[in-house]
Amino acid sequence: MRFPELDTSRRQVTRRGFLAWSGATGAAVWLAMAGISETKAWASPKFATNPFTLGIASGEPDSTSVVLWTRLAPEPLAPDGSGGMPQRRVLVQWEIAEDEAFRRVVRRGTEIATPELAHSVHAEVHGLRPAREYFYRFRVGREISPVGRTKTTPAPGARAPRLRFAFASCQNFPSGFPTAYRHMAAEDLDLVVHLGDYIYEGSAQGSIGRGHLPAAEIFSLADYRVRHAQYKTDADLRSAHAAFPWLVTWDDHEVENNYADDISSDPAQPPEQFLQRRAAAYQAYYEHLPLRRRSLPSGPDLQLYRRVRYGELVEFHVLDGRQYRDDQACGDGLVVPCDEAYDPDRSMLGAEQEEWLLDGLSRSDATWQILANQTVMVEADRDP
């Protein structure tokens, strides 16, 4: 694919040029979310193997709604990123009930899974009751998914005597087994918060037989899809997703190590190529996690910072510390100390998100304010 000539002297011009180039692709993604796809319908889908290999998940809870997620992938590690699905749109049914046996179903619906979004499903279920436990499942053709469990939050201002949540971050597939998720799934939690590095983008293979796929650093949408799918082949991760609603945010490895806004950590990589990579990574991130439609990416941009309230007790402020930040100071921290690090005009959140955060903290009357933040917030002496 040939890129347009772009003025790289200003970041905003670079992004604007990229968005002009990617407008048709972005429009196709938005249409796919609405169930509008140029592909033919698969009227009677039949699968040789289980299409729910990547599991199910819920997320983004509030007092009356939640997001239910799955992705159809009978061959999850297919190198083309298709998950073994044909280039056809598919109807996926979902239902949510008050009991695990589904005798008291309270909501049902149908979503259209399209190849443009890797046959992922993001069902936003409304009309639920506050502070309630629910069970959910999906069906496509004759195949029925495992059953998941989720919870809504207490109503705004309602008394909430306690909140049990866990957080996780930095799960590097080749480096070890995430057995902590097995222990999480056995707990009675209300929420799991993932603070970034859900995948790693590099070529590391490790020494425990869990080498990355593809076996190289990833750049394309197909490669990011395969990498996300590989992480979800871990049974413990799938079990934690199925057991509780999740809130997620990212750090750097969902795209590239140490990137900052639209600046690659590789000085040899042209800005327009990095924005193409970021757009692919952001789309794959959306496709594989239980995010609301408001987080559907538009080219290399994705709205991720947001708030979730648990009655009068807690307000979570979920932060995005990568998409708007200034470039890392001091040569990515390799040459310290340096004057640049103390420049008061530098920002990790960007002006708009910082104003949003400060306004939310000042206005909230919740007992506890929790920042779902990716990075350390103090100086660290790494060579005492």
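Couple of notes before you dig in:
- Of the solvent-accessible surface of the chain, computed with a 1.4 Å probe and all protein chains present, 51% belongs to carbon and sulfur.
- Rounded accessible area of Cys170 (nearest 10 Å², 1.4 Å probe): 70
- Segment 120-170-segment 305-384 distance, computed between alpha-carbon centres (Å): 28
- Extension gain, Arg108 to Ala78: 0.36 nm times the residue separation minus the Cα-Cα distance gives 7.7 nm.
- Heavy-atom accessible area order for Ile370, Ile144, Ile218, Ile112, largest first, 1.4 Å probe: Ile144, Ile112, Ile370, Ile218
- Arg182 sits with roughly 130 Å² accessible to a 1.4 Å probe, with DNA, RNA and ligands left out of the calculation.
- Segment 217-340: C-alpha gyration tensor shape, a/c 1.5 cut-off, then a/b vs b/c: oblate
- Kirkwood Rh in Å, taken over the chain so that all alpha-carbon pairs contribute: 21.8
- Area accessible to solvent at Met348, 1.4 Å probe radius, in Å²: 80
- Ranked from largest to smallest solvent-accessible area, with a 1.4 Å probe on the protein heavy atoms, Val66, Val106, Val376 come out as Val376, Val106, Val66.
- Expressed per residue, the C-alpha convex hull volume of segment 274-345 stands at 156 Å³.
- Extension gain, Ser203 back to Gln273 (0.36 nm per residue minus Cα-Cα distance, nm): 23.3 nm
- Over segment 148-288, the fraction of Cα-Cα pairs per 5 Å bin, rounded to whole percents and listed from the shortest bin up, is 2, 9, 17, 20, 17, 13, 9, 6, 4, 2, 0.
- Inter-site label distance for Arg363 and Gln303 at 7 Å from Cα along Cβ, in nm: 1.4
The values are calculated or read from the model by the stated rules, or taken from the named source; none is laboratory data. The shown structure was predicted, so the numbers you read here are calculated from the model rather than taken from an experiment. We place every Cβ from the backbone using ideal geometry, glycine too, and count neighbours over all the protein chains shown. Note: accessible area is taken over every heavy atom of the protein model, side chains too, but ligands, DNA and RNA are not part of it. Shrake-Rupley method; radii C 1.70, N 1.55, O 1.52, S 1.80 Å.
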